[in-house]
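A short write-up of the structure that comes next.
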Amino acid sequence: MAAVASSIFVKVFRFEPDKAAGWFQDYVVESAEPLSVMALLAKIHEVEPAFACRTSTCFKGKCGSCLVRVNGQDVLGCVTLVKPGEAVVVEPHSKFKLIRDVVVDFSQTISARKEFDGE
Ligand code: FES
């Protein structure tokens with residue numbers, strides 16, 4: 001009988017406004033079932049409360065408050081599923097000003113990556 005994958009490997013962008021540069025931090029989330037990116041971020045927040053992510057969301061792909069960048073693509077995190085055994089890179093959405101970690105300011109459409117990169 002083949003072993004069942006039960007770990008999801010998540011590399012998450014971290015940023016604190018009082019620090020000059022952001023960084024990536026690795027997490028392993030245990031799950032035997034596919035999880036949405038938002039569920040992954042919520043689980044990371046449970047074990048590391050200093051990690052900022054949005055939690056007040058519709059989880060139906062309608063409100064847009066879960067916008068993040070996953071493996072280089074801007075997506076709705078609530079409808080983007082990650083299977084056990086997979087690895088993902090989660091960053092802030094590229095079109096909005098970065099506030100903290102993967103939380104962006106939806107009122108300011110500035111490229112977070114360009115600002116972070118100093119461009
Ligand atoms: S939580 Fe509303 S669109 Fe994803």
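The values are calculated or read from the model by the stated rules, or taken from the named source; none is laboratory data. Just so you know, these numbers come straight off a predicted model, no measurement behind them. Glycine gets a Cβ as well: all are built from the backbone with ideal geometry, and neighbour counts include every protein chain shown.
Points to keep in mind about this one:
- Output for segment 40-50, where each listed residue is without any contact (Cβ under 8 Å) to a residue 60 or more places away in the chain and of a type in the set (A, V, I, L, M, F, W, C): 40, 42, 44, 47, 50
- The requirement of being more than 19 Å from residue 105 (Cβ to Cβ) and in a strand (DSSP E or B) is satisfied by residue 88.
- Qualifying residue in segment 31-50 (condition: within 12 Å of the ligand (Cβ to nearest atom), out of contact with any Ser or Thr (no Cβ under 9 Å at 6 or more places or on another chain) and among the charged types (D, E, K, R)): no
- Near pairs, Cβ below 6 angstrom, 6+ apart or cross-chain, from segment 51-78 (of a type in the set (A, V, I, L, M)) to any residue that is modelled with pLDDT under 90: 76/61
- Qualifying residue in segment 55-71 (condition: of a type in the set (Val, Ile, Thr) and touching a strand residue (DSSP E or B) at 6+ places or on another chain (Cβ under 8 Å)): yes
- The numbered conditions (1) surrounded by fewer than 13 Cβ atoms within 10 Å (Cβ to Cβ); (2) within 16 Å of the ligand (Cβ to nearest atom); (3) hydrophobic (A, V, I, L, M, F, W, C) are all true for residue 90 except (1).
- Members of segment 98-108 found to be surrounded by fewer than 16 Cβ atoms within 10 Å (Cβ to Cβ) and in contact with a strand residue (DSSP E or B) (Cβ under 7 Å, 6 or more places away or on another chain), listed by number: 105, 108
- Scanning segment 52-76 for residues that are loosely packed, with under 14 Cβ neighbours inside 10 Å, within 16 Å of residue 41 (Cα to Cα) and more than 6 Å from the ligand (Cβ to nearest atom) yields 55, 56.
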